[in-house]
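Here is the structure we will look at, set down as structure tokens.
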Amino acid sequence: MMKNSAKLCIVLALGLTALSGCKSAKRDDYVAAVELNKGNYIAKHDVRLLLNPEMSADIRGRYSNNRSIEQGSMLYAAGTPASALAQVFAHAAINSSLQENKLSQQQTAANKEIQPFKDTIGEVSIGNLLSSDYLEKVVSSDVGDFNSVNVKPIFFVSGDLSHVSLKLVSWIDAPGKTKKGAKRYQNIIEVHAEPFSDEVIRQIRQGANQQQLKSKLSAMLNRAIKSLHDDLVGAHANMSVQQTIKIKSGNRTRFIRGNVIARSCDYTILKNLRKWIIHYPSSVVANETNSLQACHNVQSEGTTERS
Amino acid sequence: MGLKLMKQLSILIVLLTVFLAGCKSTPQPAVRLKPELLNENMRVGIYINEIKPATTSIQGADCLLCYGVAVAANSSLSSHLESLPTSDIESAKQVVYDGYKSKTQHVEFVELSKDKLSKLKKFKGELGFAKKDFRSLKSELNIDVLVMLNIHAHGAHRMYSAYVPVTDPQGYVSGVIYSIDLETNQYLQFQRFNRKVLVEGEWDEPKQQFPGVTNAYYQAVEKVKLSLGNIFL
């Protein structure tokens, strides 16, 4: 009898584990970085982009990563060690399923929230967002070579339009008969847009200024491709000392641990601990306040001289 | 004879109940620092406890075996956290120093041994007063106000239900900061902090040395430093 119940528990655990995979959250916006070695950098003119320019831009709602679930204490029935183990596995499978469901629901809810904006801007092809310089570098997979890099842009927009960002997932498959799925290069280039003004947000909500949103998506994509190009040719290799960088956007303050690899009046580029390359508008990087002030001073001097 | 034994047992139960009831006292609520209580001539001493290396704090794995399993399951994360430098969390004391320095000229860090702290007498005051009598330190350390910054735990925090995790590890810093008027033993300021920060995306990245959890930890450290700075606003 006890043996049967243990078997039943094991079957139940396996069933739950299998079922938990049915409604899984999307995780294609994450990769473990694989960087090119110093000797493997690609020559400037050899970089080719593998993507379908006809493909529609993938625009998703910005979602919370919180997979925490509420759960009271769990009572395990006494029995053989096998049945106890089966119960623990069943418990783990249920929890894992609940956590994945929560993440999936958050992603679905975030996507639903931005659906009105998606409807008003309509289908936007990647080709329409890319600049002509980069369109020339696009090749199809049948003509791609050893140095061709696959790119998959995913745009994230928050429901209130206060935050627009892009994750450019990029990879180069390892050549020859290596392990299936092995990568020669793999990384994410993340670009955060300068926040919209309240007036522009109001216009976009009313469907009156969709061009501004499209221009922003285009600028972000071209910036990300440029940065990817720089990474592949080794231009991002020199790094500063690791530090905690303060990002202040509206009332929200967050911190990123990483290395600043480039800074300009418009953008600060850093490499986070995952080695992802992240672009933040310099106006939201609190550590850059002094540099930004210098930029404003230079700009205003220029304006005065012209006038 | 039986009746006498019953009576003794009843008294014992009553005494035990009274004793146990006393174990759960009302926790000290937060006390905001009133700037008027500090003046530029006040001498302030800041004490910070010894900060141990970062690690994973497990909560909710209530049985001994469950806790052992949870600790073992998170051992590689804990080992990584232990390898991180403690300089960032230790810099919290400088935030407190700078805050008091903006209020008074005489601020210094003070050393107190564990033995010294444990030997302080109990103080029978209401809420708003320190539980130990710190008044003897006024003349000994030549200060008017003692600031205690205690970091209880830092690193990552993970909730369990028995053997099974119900949350992913989160960046974590917890502790308490309070300042005591050494004339009255009254709290001039009291604040607990228990900062948890979610990991963005995946957390289980042992090959890359847990960059997601590490970043969340540094975020928690900086957020605690921000809240310590806010005491003086």
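The values are calculated or read from the model by the stated rules, or taken from the named source; none is laboratory data. All values reported here derive from a predicted model rather than from experimental measurement. All Cβ positions, glycine included, derive from the backbone under ideal geometry; neighbour counts span all protein chains shown.
Among the helices (runs of 4 or more DSSP H) lying completely within the range B:33-143, list those that include at least 2 residues that are within 26 Å of B:LEU226 (Cβ to Cβ) and in contact with a helix residue (DSSP H, G or I) (Cβ under 8 Å, 6 or more places away or on another chain). It would help to see each step written out before you state the result.
Details: elements: B:64-73, B:75-82, B:87-90, B:92-101, B:114-118, B:137-141.
Here the list reads B:75-82, B:87-90, B:92-101.
Against the definition (surrounded by 16 or more Cβ atoms within 10 Å (Cβ to Cβ) and over 30 Å from B:ASP204 (Cα atoms)), how does A:ILE201 come out, yes or no?
Working: surrounded by 16 or more Cβ atoms within 10 Å (Cβ to Cβ): yes; over 30 Å from B:ASP204 (Cα atoms): yes.
Yes, satisfied.
Limited to the range A:175-198, what total is found for residues that are without any contact (Cβ under 8 Å) to a residue 12 or more places away in the chain and either polar (S, T, N, Q) or more than 23 Å from A:VAL285 (Cα to Cα) (or both)? Can you show your working first?
Going through the range A:175-198, the residues without any contact (Cβ under 8 Å) to a residue 12 or more places away in the chain turn out to be A:176-182, A:197-198.
Retained after the next criterion (residues that are either polar (S, T, N, Q) or more than 23 Å from A:VAL285 (Cα to Cα) (or both)): A:176-182, A:197.
Looking only at that region, the number is 8.
Restricting attention to the range B:194-206, report how many residues are more than 10 Å from every other protein chain (Cβ to nearest Cβ) and not in a helix (DSSP H, G or I). Step through it out loud before you land on a result.
Applying the first criterion (more than 10 Å from every other protein chain (Cβ to nearest Cβ)) to the range B:194-206 yields B:194-195, B:204, B:206.
Adding the requirement that they be not in a helix (DSSP H, G or I) leaves B:194-195, B:204.
Residues in the range B:194-206 being more than 10 Å from every other protein chain (Cβ to nearest Cβ) and not in a helix (DSSP H, G or I): 3 in total.
Taking interchain pairs and intrachain pairs at least six residues apart, which have beta carbon atoms under 6 angstrom, with the first residue in the range B:207-221 and more than 7 Å from every other protein chain (Cβ to nearest Cβ) and the second of a type outside the set (A, V, I, L, M) and in a helix (DSSP H, G or I)?
B:GLN209/B:HIS80; B:PHE210/B:HIS80; B:VAL221/B:ASP88
List every residue pair whose Cβ atoms sit under 6 Å apart, with the two residues 6 or more apart in sequence or on different chains, where the first one lies in the range A:224-241 and is assigned by TED's automatic domain parsing to the domain that holds A:SER170 and of a type in the set (Phe, Trp, Tyr) and the second, anywhere, is outside any loop (DSSP other than H, G, I, E, B) and surrounded by 15 or more Cβ atoms within 10 Å (Cβ to Cβ).
Nothing qualifies.
Restricting the range A:125-167 to residues that are closer than 24 Å to A:ASP198 by Cβ and at pLDDT 90 or above, which is surrounded by the fewest Cβ atoms within 10 Å (Cβ to Cβ)? Spell out how you get there, then give the answer.
We begin by selecting, within the range A:125-167, every residue closer than 24 Å to A:ASP198 by Cβ; these are A:155-166.
Next, from what is left, pick out any that are at pLDDT 90 or above: A:155-158, A:163-166.
On the way: A:PHE155: 24, A:PHE156: 20, A:VAL157: 26, A:SER158: 15, A:HIS163: 17, A:VAL164: 21, A:SER165: 18, A:LEU166: 27.
In this case the residue turns out to be A:SER158.
A:LEU270 fails exactly one of the following numbered conditions: (1) of a type in the set (A, V, I, L, M, F, W, C); (2) crowded, with 21+ Cβ neighbours inside 10 Å; (3) not in a strand (DSSP E or B). What is the number of that condition?
(3)
A:GLY176 is checked against (1) farther than 21 Å from A:GLN211 by Cβ; (2) modelled with pLDDT of 90 or more and fails just one. What number does that condition carry?
(2)
Working carefully through the options B:SER161, B:SER174, find the one that is within 30 Å of B:LEU64 (Cα to Cα) and within 14 Å of chain A (Cβ to nearest Cβ).
B:SER161
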